[in-house]
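See structure below.
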Amino acid sequence: MAGRNGKKTVGSLVLSLGVCVVAAGVIYVFVPHDDSKETPVKRVDYRVELLSARRAASYPVAAPEGLAKSWKPTSVRYDGEGNEAWHLGFLDPDGQYIAVEQSTDKPTRFIDEASQGAEETRHEQTINGARWQRYKGEKYDALVLKQKNATTVVTGTAGFDGLTKMAEALKMERDTSV
């Protein structure tokens, strides 16, 4: 009798395991789940860094004003050493990356680095009274404004329409109250 119950127990165990596997499969198929491994990009508050950069930099530091909430600031940094590099990164409403880069570094080297190797085109455009040069690249396009004390590069994956929207929103200021 013990042998007979042993066979029933093993059979019942296999049947139970099969039911559990089928139930788990049904749950997996019908319960919503996110298979993406991407972590959502967090919005950063860049106001403190902007104020600090505008106090420390030898040039007017650029930051946008009046952009819709759908423009998401994602990164900010100012390095006052050496070439006084300012960086402000955004995702536009379509999820494309746009960065505002400024530096007192040698323009050719800085533009190449900021635009990820984009090349100068013959096209210029006037934005808020200033002449910006277009650069076209495999990874990023860029709008470049060469000024007396610094070079400003608006660059990213958004194409020239998105880059132009960012450049139009830029306000360049220096805080000389210190």
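The values are calculated or read from the model by the stated rules, or taken from the named source; none is laboratory data. Being a predicted model, the structure only gives us computed values, none of them experimental. Backbone-built Cβ (ideal geometry, glycine too); neighbour counts: all protein chains shown. Only protein heavy atoms, including side chains, enter the accessible area calculation; ligands, DNA and RNA are left aside. Shrake-Rupley method; radii C 1.70, N 1.55, O 1.52, S 1.80 Å.
Residues to consider are Ser75, Ser36; find the one that is of a type in the set (Ser, Thr, Tyr), within 22 Å of the chain's Cα centre (by Cα) and at pLDDT 95 or above.
Answer to the check: Ser75.
Does the range 125-148 contain at least one residue that is of a type in the set (Val, Ile, Thr) and in contact with a Leu (Cβ under 6 Å, 6 or more places away or on another chain)?
No, because not a single residue in the range 125-148 is of a type in the set (Val, Ile, Thr) and in contact with a Leu (Cβ under 6 Å, 6 or more places away or on another chain).
Which numbered condition in (1) open to solvent by less than 60 Å² (accessible area, probe 1.4 Å); (2) farther than 30 Å from Thr176 by Cα; (3) at pLDDT below 95 is the only one that Val44 fails?
(2)
Where residues in the range 83-104 are out of contact with any Asp or Glu (no Cβ under 6 Å at 6 or more places or on another chain), in contact (Cβ under 8 Å) with a residue 24 or more places away in the chain and open to solvent by 20 Å² or more (accessible area, probe 1.4 Å), which of them is farthest from Leu51 (Cα to Cα)?
Asp94
Kindly indicate whether any position in the range 110-127 is within 22 Å of Arg43 (Cβ to Cβ) and of a type outside the set (Phe, Trp, Tyr).
Applying the first criterion (within 22 Å of Arg43 (Cβ to Cβ)) to the range 110-127 yields none.
No: the range 110-127 contains no residue that is within 22 Å of Arg43 (Cβ to Cβ) and of a type outside the set (Phe, Trp, Tyr).
Six or more apart or on different chains, Cβ atoms under 8 Å: show the pairs whose first residue is in the range 152-178 and closer than 15 Å to Trp86 by Cβ and free of Cβ contacts under 8 Å to residues at least 40 places away in the same chain and whose second is among the aromatic types (Phe, Trp, Tyr) and surrounded by 15 or more Cβ atoms within 10 Å (Cβ to Cβ).
none
Among the candidates Arg109, Arg54, Arg131, single out the residue that is open to solvent by 50 Å² or more (accessible area, probe 1.4 Å), within 30 Å of Ser177 (Cα to Cα) and among the basic types (Lys, Arg).
Arg131
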